[in-house]
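*Asks:* One structure coming up, written as structure tokens, with questions to follow.
The values are calculated or read from the model by the stated rules, or taken from the named source; none is laboratory data. These figures come from a predicted structure and were not determined experimentally. Quick reminder, even Gly has a Cβ in these numbers, built from the backbone with ideal geometry, and neighbours come from all protein chains shown. To get the accessible areas, we keep the full protein, side chains included, count just its heavy atoms, and leave off ligands, DNA and RNA. Shrake-Rupley method; radii C 1.70, N 1.55, O 1.52, S 1.80 Å.
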Amino acid sequence: MKDDSPGLFGPLPTSRVVPVLVPMPAPVAYSYSVPAGMAVEAGSIVQVPLGPRQVIGVVWDGPDGGSVDPKKLRPISKVFDCPPLDKDMRTFLDWVAAYTLSPPGYVARMALRAPAAFDPEPMVEGFRFSGIEPERMTPARRKVLDLAADGLSWTKSGLAHASGVSASVIDGLATQGVFETIFLPPPPLVARPDPDFAAHRLAGPQKEAADEILDGIAKGGFSVALIDGVTGSGKTEVYFEAIAETLRRGKQVLILLPEIALTANFLERFQDRFGAKPGEWHSDLATRTREKVWRQTATGEIRVVAGARSALFLPFEELGLIIVDEEHDPAFKQEDRVFYNARDMAVVRARISGFPVVLVSATPSVESQVNCQAGRYRRIHLPTRFADAALPDLHLVDMRRHPPERGGFLSPILLKAIGKTVERQEQALLFLNRRGYAPLTLCRVCGHRFQCPQCSSWLVEHRFRGQIQCHQCGYAEPTPQACPECGTLDHLVACGPGVERIAEEVERHFPDARTLVLSSDLGGVKRLRLELEAIANGEADIVIGTQLVAKGHNFPLMTLVGIVDADIGLANGDPRAAERTFQLLSQVTGRAGRTGRKSHGLLQTFQPMHPVMQALVSGDATAFYEREIAERERAALPPFGRLVSIIVSADTRPEAETHARQLRQSAPIERDIAILGPAEAPLALIRGRHRFRLLVHGRRNSDMQGFVRQMLANGPKERKSIQVQVDVDPQSFL
Ligand code: ADP
Ligand code: ZN
């Protein structure tokens, strides 16, 4: 056996060198030496010097970088006392980096998002009865002692709470030596969910669906199922059974949800079913809670995490199932630094570790549907709402034939329906996916339009705040009185509606109704949660909201949904525009009638013959999807072809354009892969940066990553002023 301690005889053994991924945009891991006496293995989370700083890194797999100059080699400063990232997680991170063409260090950093969690949680102070009675006994003290007499340990607050006394009573007893102080492991953040706590009896098709999924779990190994069923059909009930079975098998579960921060009622529902809440993971958590969730997921104390897309990078001890609810939702795509789609990466994570994934949606993405048709995913269909709750009756309002009154946006038909709903003391929801009062302000005298000085976007008036704001960069200024161009006073006009303007119109028509505007700019998560709760409790008659009202909320009194502008998303040059509009509007109208009352949806449109509108009102999505799929296939668009979008941005327009041109010229010649552009991006300017786009288009089996990697390697030297963003499988084309 080799002795690693400095020997008295012979040369000093050379210290070990290991690769460490640091949070840097470098393409490879850096080499560090392991000081004598320090134990590290692949996956260990460490602190290392990097230039003048200390940074967090992970010991990685692969060659130990033996070629580095030993004089330059620096030692690892510290290993954290925390479970190492396991082999599957490391394989996953490498895979994501290679697929998204991102620096591996940036990807690894997503798994290390809670630095203080790498050290064990501090023990908490506890009390145990010492056997010494207090000098003077009071009824309060008696209660405490009755509880503590069995010699078990308690936290101070736990003991006070359980015996119904104040903490000062416990302190008083402690000073007399009645307790000895001991240290207890910190309490778990959430209790262990019980798979058999309160299962619902599944109805016919639900049972079949659940059996099919449980079958997959029993067989073991990787598989993907898509639960496709209208809102309210019991998809959640079905996947709860899959969760229960996975828990029984001793594995952890991850539920990915869009907008988890706002779906408090999901957490409660989970608790009703499993007797405990899941661990929660999203960007609105307090830092301490975040750290606890990270740590307790790694140690296996937390069995189920419900989280936003980044939860995919939590270091589960033994993950055995991922659920992706609302799998079609664009919120699963991250478009910042590492551009990834959490739905797709969830499938990759499951394949690497060999466990099942369940995708869930009332309006599955074209991608997932095609995967089902090709036999790669299993489709599980729930055709009807549970307990025969009827879906809302949907109708189109042709705005050419039923125009609103001058200056308004709501047609007489919609207004009448709102009136009737309010009379019946039920709720109406008006949906418009536009924050603020008006999307554009202009001067009636000279035609000046208010534009962001930093971006190519109009400034949106927010009347509640008295500001005009840029929705790209957040720039804001007080709403002006005079035109900055011609100086004319009080001749500025608001063009088009936002939710605030619709609220104004509603209040004019229904002055006695309780109107509530729900929009992400009108308060933080806490306030929004409260408002959503208030709506569910019937504390508003008319709700006007942006897309955040669409997500999974249950409003028992809501019987009318009005779509103010159903055409809004159709004309933006995005290949998924029709699909997205269909999904969003289905989801919004699905808010109505969830508890069995008769309900309606009215969609205001100027294009009543459009296939999206027809699919929505006919309730027949099949024809619509078939058309979409055929269209994508014809144009070789995803999932029949592949896209990579590259955005070049620079401080000046010519710089950006030149760089993008040169990049294109550096592309290798590939028969199956074509490059479109460079063209100025639809959002040509954001935060003062000029943007050009290239779109790389290949076949389903083309090596897109290899192509783009080569293009970037041959391309013009990167300069500080120039930024190149690569987005594999882009969702956004702006
Ligand atoms: P989805 O996820 O498809 O929108 P849910 O699972 O939320 O549907 O079900 C809709 C409603 O019906 C929920 O309130 C749910 O509790 C109830 N429900 C569905 N299936 C059952 C069942 N088998 N037993 C009792 N309640 C059910
Ligand atoms: Zn701006």
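*Asks:* Could you tell me which residue of segment 607-664 is nearest to R691 (Cα to Cα), considering only residues that are among the acidic types (D, E) and open to solvent by less than 60 Å² (accessible area, probe 1.4 Å)?
*Replies:* Ranking the candidates gives E657 first.
*Asks:* Pairs, please: C-beta under 6 Å, at least 6 apart or cross-chain, first residue among the aromatic types (F, W, Y) and in segment 174-196, second outside any loop (DSSP other than H, G, I, E, B) and surrounded by 14 or more Cβ atoms within 10 Å (Cβ to Cβ)?
*Replies:* As it stands, the answer is F179/F127, since those pairs meet every condition given.
*Asks:* From the list K277, K292, K207, which one is assigned to a helix (DSSP H, G or I), of a type in the set (K, R) and touching a residue at least 12 places away in the same chain (Cβ under 8 Å)?
*Replies:* Checking each option against the conditions leaves just K292.
*Asks:* Hey, another quick one. Just a yes or no: is a residue in segment 397-408 under 30 Å from S233 (Cβ atoms) and assigned to a strand (DSSP E or B)?
*Replies:* So far as segment 397-408 goes, yes, one or more of its residues are under 30 Å from S233 (Cβ atoms) and assigned to a strand (DSSP E or B).
*Asks:* Oh, and also: In segment 332-361, which residues are out of contact with any Leu (no Cβ under 9 Å at 6 or more places or on another chain) and either among the polar types (S, T, N, Q) or on the phi < 0 side of the Ramachandran plot (or both)?
*Replies:* Across segment 332-361, the qualifying residues are K333, Q334, E335, D336, V338, N341, D344, V348, R351, I352.
*Asks:* Which of the residues belonging to segment 525-561 are free of Cβ contacts under 8 Å to residues at least 12 places away in the same chain and either part of a helix (DSSP H, G or I) or under 18 Å from the mean Cα position of the chain (by Cα) (or both)?
*Replies:* Once the filter is applied, which keeps residues that are free of Cβ contacts under 8 Å to residues at least 12 places away in the same chain and either part of a helix (DSSP H, G or I) or under 18 Å from the mean Cα position of the chain (by Cα) (or both), segment 525-561 yields K526, R527, L530.
*Asks:* Could I ask something else about it? May I ask you to verify whether R687 is over 27 Å from I544 (Cβ atoms), open to solvent by 40 Å² or more (accessible area, probe 1.4 Å) and within 16 Å of ligand 2 (Cβ to nearest atom)?
*Replies:* Judged against the criteria, R687 is a match.
*Asks:* Would you check if there is a residue in segment 395-414 being open to solvent by less than 70 Å² (accessible area, probe 1.4 Å) and under 30 Å from the mean Cα position of the chain (by Cα)?
*Replies:* No, segment 395-414 contains no residue that is open to solvent by less than 70 Å² (accessible area, probe 1.4 Å) and under 30 Å from the mean Cα position of the chain (by Cα).
*Asks:* Further, regarding this structure: Within segment 463-490, track down each residue that is in contact with a His (Cβ under 9 Å, 6 or more places away or on another chain), more than 10 Å from ligand 2 (Cβ to nearest atom) and open to solvent by 30 Å² or more (accessible area, probe 1.4 Å).
*Replies:* Within segment 463-490, T479, A482, P484, E485, C486 qualify.
*Asks:* I want to confirm something. Restricting to segment 415-441 and keeping residues that are among the small types (G, A, S) and in a strand (DSSP E or B), which single residue is surrounded by the fewest Cβ atoms within 10 Å (Cβ to Cβ)?
*Replies:* A438
Results for (1) in the same structural domain as A342 (by TED's automatic domain parsing); (2) touching a strand residue (DSSP E or B) at 6+ places or on another chain (Cβ under 6 Å); (3) among the hydrophobic types (A, V, I, L, M, F, W, C), shown as yes or no for each residue.
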site: G354; (1), (2), (3): yes, no, no
site: R378; (1), (2), (3): yes, yes, no
site: R406; (1), (2), (3): no, no, no
site: F409; (1), (2), (3): no, no, yes
site: K416; (1), (2), (3): no, no, no
site: T421; (1), (2), (3): no, yes, no
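*Asks:* OK, next. Any residue in segment 285-294 that is under 24 Å from P639 (Cβ atoms), outside the structural domain of L548 (by TED's automatic domain parsing) and basic (K, R)?
*Replies:* Checked against the condition, which is being under 24 Å from P639 (Cβ atoms), outside the structural domain of L548 (by TED's automatic domain parsing) and basic (K, R), segment 285-294 yields no hits at all.
*Asks:* Further question: Can you tell me which residue among A674, A679, A623 is under 28 Å from A566 (Cα atoms) and outside the structural domain of A476 (by TED's automatic domain parsing)?
*Replies:* None of the others qualify; the one that does is A623.
*Asks:* Okay, moving on. Output the residues belonging to segment 385-416 that are within 16 Å of ligand 1 (Cβ to nearest atom), touching a Leu at 6+ places or on another chain (Cβ under 9 Å) and closer than 22 Å to R580 by Cα.
*Replies:* Within segment 385-416, just P392 meets the criteria.
*Asks:* Can you tell me which residue in segment 251-270 is farthest from ligand 1 (Cβ to nearest atom), limited to those that are open to solvent by 30 Å² or more (accessible area, probe 1.4 Å) and either out of contact with any strand residue (DSSP E or B) (no Cβ under 6 Å at 6 or more places or on another chain) or within 25 Å of A390 (Cβ to Cβ) (or both)?
*Replies:* That would be E259.
*Asks:* When the residues of segment 75-89 are filtered to those that are under 24 Å from the mean Cα position of the chain (by Cα) and open to solvent by less than 10 Å² (accessible area, probe 1.4 Å), which remaining residue is nearest to A350 (Cα to Cα)?
*Replies:* Top of the filtered list is M89.
*Asks:* When you check D490 against the structure, is it in the same structural domain as F409 (by TED's automatic domain parsing) and of a type in the set (D, E), yes or no?
*Replies:* no
*Asks:* Is there a residue being within 13 Å of ligand 1 (Cβ to nearest atom), of a type in the set (D, E, K, R) and within 25 Å of K277 (Cα to Cα) anywhere in segment 189-201? Give the derivation first.
*Replies:* Just the residues of segment 189-201 that are within 13 Å of ligand 1 (Cβ to nearest atom), to begin with: 198-201.
When the remaining residues are screened for being of a type in the set (D, E, K, R), the result is 201.
This time we only want the ones that are within 25 Å of K277 (Cα to Cα), so: 201.
There is at least one residue in segment 189-201 that is within 13 Å of ligand 1 (Cβ to nearest atom), of a type in the set (D, E, K, R) and within 25 Å of K277 (Cα to Cα).
*Asks:* Just to be sure I understand the filter: pairs with C-beta atoms under 9 Å, separated by 6 or more residues or on different chains, first member in segment 90-103 and open to solvent by 30 Å² or more (accessible area, probe 1.4 Å), second member among the basic types (K, R). Which pairs pass?
*Replies:* Cβ pairs passing all conditions: W95/R349; L101/R709.
*Asks:* Still on this structure, please answer the following. Looking at segment 328-338 only, could you name the residues that are touching a residue at least 40 places away in the same chain (Cβ under 8 Å) and not in a loop (DSSP other than H, G, I, E, B)?
*Replies:* Those that are touching a residue at least 40 places away in the same chain (Cβ under 8 Å) and not in a loop (DSSP other than H, G, I, E, B): P330, A331, F332, K333.
*Asks:* Related question: Hey, among the residues in segment 228-238 that are near ligand 1 (Cβ under 8 Å from one of its atoms) and not small (G, A, S), which one's least open to solvent (accessible area, probe 1.4 Å)?
*Replies:* Applying the filter and picking the extreme gives V238.
*Asks:* Right, another one. Whether any residue in segment 587-599 is closer than 21 Å to F409 by Cα and within 24 Å of the chain's Cα centre (by Cα) is what I want to check.
*Replies:* Residues of segment 587-599 that are closer than 21 Å to F409 by Cα, as a first pass: 588-589.
Of the ones still in play, those that are also within 24 Å of the chain's Cα centre (by Cα) are 588-589.
There is at least one residue in segment 587-599 that is closer than 21 Å to F409 by Cα and within 24 Å of the chain's Cα centre (by Cα).
*Asks:* Tell me, which helices (runs of 4 or more DSSP H) wholly within segment 43-151 include 3 or more residues that are in contact with a strand residue (DSSP E or B) (Cβ under 7 Å, 6 or more places away or on another chain)?
*Replies:* 87-100, 104-110
*Asks:* Quick check on my filter: what residues within segment 442-462 are crowded, with 23+ Cβ neighbours inside 10 Å and either away from ligand 2 (no atom under 16 Å from the Cβ) or within 16 Å of P497 (Cα to Cα) (or both)? Spell out the reasoning first.
*Replies:* Initial filter on segment 442-462 (crowded, with 23+ Cβ neighbours inside 10 Å): 452, 459-461.
Once the filter is applied, which keeps residues that are crowded, with 23+ Cβ neighbours inside 10 Å and either away from ligand 2 (no atom under 16 Å from the Cβ) or within 16 Å of P497 (Cα to Cα) (or both), segment 442-462 yields L459, V460, E461.
*Asks:* Restricting to segment 316-327, name every residue that is assigned to a loop (DSSP other than H, G, I, E, B) and either among the charged types (D, E, K, R) or at pLDDT below 95 (or both).
*Replies:* Of everything in segment 316-327, those that are assigned to a loop (DSSP other than H, G, I, E, B) and either among the charged types (D, E, K, R) or at pLDDT below 95 (or both) turn out to be E317, E318, E326, E327.
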